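To start, the structure under review is shown below, and the notes come after it.
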Amino acid sequence: MTRVALIGSGRMGAFHGETIARRVPGAQLVVVADPEPGAADALASRLGAAATTDPAAVLADRGVDAVVIAAPARFHADLVVAATTSGTHVFCEKPMAMEVADAVRASEAARAAGIVLQVGFNRRFAADWRAARALIDAGGLGAARTIRSLTRDPGGFDPARVAPGTIFRETLIHDLDTLRFLNPGATAVEVYATADALVRPDWRDRGLLDTAVLTVRFDNGATGIAEACFQAAHGYDVRAEWFGPGGMLSMGSTRADGLVVHGAAGLSAATVRYDQDLFRDAYTAELTAFVDAVASGADPALTGGRPGGLPGGDDAAAALAIALAAAESVREGSPVRVPAVPSVGVPA
Ligand SMILES: NC(=O)c1ccc[n+]([C@@H]2O[C@H](COP(=O)([O-])OP(=O)(O)OC[C@H]3O[C@@H](n4cnc5c(N)ncnc54)[C@H](O)[C@@H]3O)[C@@H](O)[C@H]2O)c1
C-alpha cells in the first residue's frame, strides 16, 4: 500500500481525501494535516486517518510515501519543496505556485530529489479530453488551427476568496493547460486578454475580475481561445474544442445525464451543477495515476507530461506563465509576450 498524507482539508482536500481512502486501489490515507485547529478532525476520523495541525511534521515523516497538497495556492511551492527534503512524492493542486520562479524552484527540487511531482490538471484525465489527445497524437487530423477551452462556474463566489489574479491563476489555468495539452509540443508565445467584473460590478474597483476571454498565439501557428466566468445560471460548464484540417473534436457537455423530458412546455434536461460531479472520474483517475507512478518506482522524469500521463512541474510553470502574462495583458490593454519558461528537463 502507498501511504498517502493529505495537506489541506477544505473543499478540494476533503474530496481528494475521500478519493484516496475509498476509490484509489493500492492507496491508504494515513494522515490529514490542516493548520486550522479542528479542521482535519472530522474528515480524518470519517476516513480512518490520523489528524494533525502540523503539515511540516507530516512532510518530514519518512513513514509517509506520498502527499496530496490541497492547501491554498500561496503555500503550494514551499510545501512541494518541503516534501522533497524527505523524498515524499507529491501531487499538488493547481496552481503549483503564484509566480513562475517559484514553480521552477519547486520543479527543480522535485527533479533533484527524484520524486514524482504531479500537478492537478484533472481535465487531462477526463475521458473526452484524453480521447481527443489520442486522436491528435494519431496524426490523421493534421495540425491544430484553433483550440478552445472554457470554464463557467456555478456561482455564489465569495469576494474573500477572490483576488485580482484569481480568474487567471486559479480558473483559466485549467483552460491554458488544456490548450497546451491539445496542442502538444507547441509553445505559447503571446497572449491578449480582456476581463471585467460583470457578475459583481461593485467589486470592479477592488480589481476582482469575474469574466475573462483571452487568445493565445502558439509557435506552431495555432491560436488558442479561452474564457471563464464565475457565474453560470445553468451550472458548471466546462467544454473544449480542437479544430484542424481533418475536422473538429468537441469535449465536454453541459448535460448531467442523457434524460430529456418532453413535456407540455417543451423539452428539459438536467445540467451539471458542480466540478466534483462533472470530474469525479477524472479526479479519481488523476490520483490513481499518481499512486501507480509512486508504486511503480519508475523514473519520475519519464512520467511528466507524457501523453495520457502525468502533468508535471514543467506543465505547471508553462500554464502559469501564460496566466500571468494574460493578467498583465488586461492591465496593459495590449498583447503581451509569454516569457520563456526554463524547463527542468522533464519531457513536455
Ligand atoms: N482541480 C480542481 O478542479 C480544483 C477545484 C477546486 C479547488 N482546487 C484547488 O485546490 C486548492 C484548495 O482549494 P479549496 O477550494 O479546497 O480551498 P479551501 O479554502 O476550501 O481549503 C483550503 C484548506 O487549506 C487549509 N490551509 C490553510 N493554510 C494551510 C497551510 N499552510 N497548509 C496546509 N493547509 C492549509 C485551510 O485551513 C483549509 O482547510 C486550491 O489550490 C484550488 O485552486 C482545484
| task | Considering only segment 24-48, state which residues are within 25 Å of VAL81 (Cα to Cα) and surrounded by fewer than 14 Cβ atoms within 10 Å (Cβ to Cβ). | result | GLU36, PRO37
| Do we find that GLY114 is surrounded by fewer than 23 Cβ atoms within 10 Å (Cβ to Cβ), at positive phi and not assigned by TED's automatic domain parsing to the domain that holds VAL64 in this structure? | no
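Here is a yes/no grid of residues against (1) surrounded by 19 or more Cβ atoms within 10 Å (Cβ to Cβ); (2) modelled with pLDDT under 95; (3) assigned to a helix (DSSP H, G or I):
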{"residue": "ALA106", "(1), (2), (3)": "yes, no, yes"}
{"residue": "ILE147", "(1), (2), (3)": "yes, no, no"}
{"residue": "HIS174", "(1), (2), (3)": "yes, no, yes"}
{"residue": "ASP205", "(1), (2), (3)": "no, yes, yes"}
| remark: Of the residues in segment 80-93 that are buried (at least 24 other Cβ atoms within 10 Å of the Cβ) and under 17 Å from the mean Cα position of the chain (by Cα), the one that is nearest to the ligand (Cβ to nearest atom) is CYS92
| task | Return the only residue of ALA14, ALA5, ALA21, ALA51 being in a strand (DSSP E or B) and either surrounded by 21 or more Cβ atoms within 10 Å (Cβ to Cβ) or at pLDDT below 95 (or both). | result | ALA5
| task | Please specify each residue of segment 61-96 satisfying the condition of being part of a helix (DSSP H, G or I) and out of contact with any Cys (no Cβ under 7 Å at 6 or more places or on another chain). | result | ALA73, ARG74, PHE75, ALA77, ASP78, LEU79, VAL81, ALA82, ALA83, THR84, THR85
| query | If only one of ALA14, ALA82, ALA71, ALA77 is small (Gly, Ala, Ser) and either without any contact (Cβ under 8 Å) to a residue 12 or more places away in the chain or in contact with a strand residue (DSSP E or B) (Cβ under 8 Å, 6 or more places away or on another chain) (or both), which one is it? | reply | ALA71
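The values are calculated or read from the model by the stated rules, or taken from the named source; none is laboratory data. All values derive from a computational prediction rather than experimental measurement. Counting neighbours? That spans all protein chains shown, and the Cβs are built from the backbone with ideal geometry, glycine included.
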